[in-house]
Amino acid sequence: MDFALPEDLQDLQRAVRAFAQRELAPHAAELDRHPRFPWPTLRKMGDMGLLGVMTPEAHGGLGLGQLALAVLLEEVAAVDASHAVIASVTNGLPQSLLLEHGSDAQKERWLEKLATGAWIGAFCLTEPQAGSDAAALTTRATRVDGGYVLDGTKAWITSGGEAQLYLVLAKTDPAAGARGVSAFFVEKGADGMSFGPPERKLGQHAAITTSVRFDGAFVPEDQRLGSEGQGFVMAMGSLDGGRIGIAALAVGVARAAFEAAVRYAGERHAFGQAIREYQGVSFKLADMATRLEAARLLVHKAAWLKDRGYRVTMEASMAKLFASEAAVAITDAAVQVFGGYGYSAEYPVERYLRDARVTTLYEGTSEIQRIVIERQLRREFDR
Ligand code: CAA
């Protein structure tokens, strides 16, 4: 058993850590205060390969795996969670699905654009009345001559209105439940496609989130991904990887909060000594460090297994569940260590807490992760 990351990945990790400090850190607080989609810095991430980590080099990506993506997302998230979630989604959902299930013509058309960050990808599964119960989606894809017509509204779409390529899940056979869902690529600007205003959110402000509406939007048949009725299963499969990405993001935000708390606890004095000397603070730091380490190990193990071709539905959900809840607990503890200053926008820890909060919600709430884990346990134990 070897817990050390491969040398080349360690080199890349150092390079991304330096990049994030140099290019992302100067903008993070300002983007939080005045949200806008961070195109200039995303372009730089694209130039570094960070928006196509798992896509083969022949298609403009880095040709690495899920572990590499997790390690790099942690580095980005430790500086700015908004950049990390945009990167996680475009790498992990539309792009990995295109890679796995796309036709040669579809790959030719879109893969390089996504992998290089020239285009950002978005994933349209959630609807206003279908979040956790994703198979209850009602967006309809009606067959017409040469393709389909889409009607319906998607909600909470990361990079909505900014991304150029949308993977949309829609019902081709409403009577068939999850098996009646198909997946379609739709380019921004398609007739009948429109976007709602940016949602006002607690955190991750620069990762613009909107609704996406389809009113009789025509999609040619060659923009369907895979076969009819395969969409839900493909989407669930890609969420196995996506959830590892979100878990890595949570670890990154938690690490930033933990490191800020350790530094502050050494500097801040009360009653004649650094507050770190008090057990009330030092035990907190010990618990934060332990949770952080456990979360990262779950993330790396799930990613490592996925890179070896195992199905990681359970491990990805365990990593997402634990890391996201750890991130909320760790960022909250960091605010407590900072005392009143932790509540002030003068320090970054209140932003870390706000940015961490959504990680227990998106890509499946903690409750959904528990359902997924328990269903996998049943499969194992009832065999
Ligand atoms: N891999 C492969 N296949 C899978 C799978 C997986 N991980 N999970 C389910 N499937 C298959 C099942 O085997 C089943 O196939 P069969 O028809 O052959 O039996 C089919 O998919 C339907 O599965 P279920 O019966 O388990 O479906 P369900 O309706 O009970 O729902 C659920 C399952 C796990 C609760 C699912 O609805 C779910 O994950 N909900 C949460 C939705 C979610 O995570 N949304 C995230 C949106 S994306 C996002 O947030 C991105 C962002 O912006 C940051």
Residue check: is residue 18 free of Cβ contacts under 8 Å to residues at least 24 places away in the same chain, of a type in the set (Gly, Ala, Ser) and within 25 Å of residue 331 (Cβ to Cβ)? yes
If you go through 228, 199, 221, the only one that is touching a residue at least 40 places away in the same chain (Cβ under 8 Å) and closer than 18 Å to residue 159 by Cβ is 199
So which helices (runs of 4 or more DSSP H) are wholly in segment 10-122 and hold at least 3 residues that are modelled with pLDDT of 95 or more, under 24 Å from residue 361 (Cα atoms) and not assigned by TED's automatic domain parsing to the domain that holds residue 303? 25-33, 66-77, 81-92, 94-101
Verdict on residue 99 being buried (at least 23 other Cβ atoms within 10 Å of the Cβ), over 16 Å from the mean Cα position of the chain (by Cα) and without any contact (Cβ under 8 Å) to a residue 60 or more places away in the chain: no
Answer yes or no as to whether residue 158 is buried (at least 23 other Cβ atoms within 10 Å of the Cβ) and either farther than 27 Å from residue 54 by Cβ or out of contact with any Phe, Trp or Tyr (no Cβ under 6 Å at 6 or more places or on another chain) (or both). yes
With 254, 206 as the choices, which residue is more than 15 Å from the ligand (Cβ to nearest atom), closer than 30 Å to residue 30 by Cβ and either touching a Gly at 6+ places or on another chain (Cβ under 9 Å) or modelled with pLDDT of 95 or more (or both)? 254
Let me confirm something: among 5, 24, which residue is touching a helix residue (DSSP H, G or I) at 6+ places or on another chain (Cβ under 9 Å), over 23 Å from residue 96 (Cβ atoms) and in contact (Cβ under 8 Å) with a residue 40 or more places away in the chain? 24
Filter segment 123-140 for residues that are under 20 Å from residue 361 (Cα atoms), surrounded by 20 or more Cβ atoms within 10 Å (Cβ to Cβ) and either touching a residue at least 40 places away in the same chain (Cβ under 8 Å) or away from the ligand (no atom under 14 Å from the Cβ) (or both) and give the result. 123, 124, 125, 137
Are any residues in segment 261-301 in contact with a Leu (Cβ under 9 Å, 6 or more places away or on another chain) and farther than 14 Å from residue 327 by Cα, and if so, which ones? 262, 265, 276, 300
Look through segment 145-196, keep the residues that are assigned to a strand (DSSP E or B) and among the basic types (Lys, Arg), and return whichever of them is farthest from residue 36 (Cα to Cα). 171
Of all residues in segment 333-383 being free of Cβ contacts under 8 Å to residues at least 60 places away in the same chain and near the ligand (Cβ under 9 Å from one of its atoms), which is surrounded by the most Cβ atoms within 10 Å (Cβ to Cβ)? 372
Within segment 218-227, does at least one residue satisfy the condition of being within 16 Å of the ligand (Cβ to nearest atom), among the small types (Gly, Ala, Ser) and more than 30 Å from residue 35 (Cα to Cα)? yes
Residue satisfying condition, being farther than 22 Å from residue 107 by Cβ and aliphatic (A, V, I, L, M), within set 58, 70, 87: 70
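The values are calculated or read from the model by the stated rules, or taken from the named source; none is laboratory data. Small disclaimer: the values here were computed from a predicted structure and weren't measured. With ideal geometry, Cβ positions are generated from the backbone for all residues, glycine too; neighbour counts draw on all protein chains shown.
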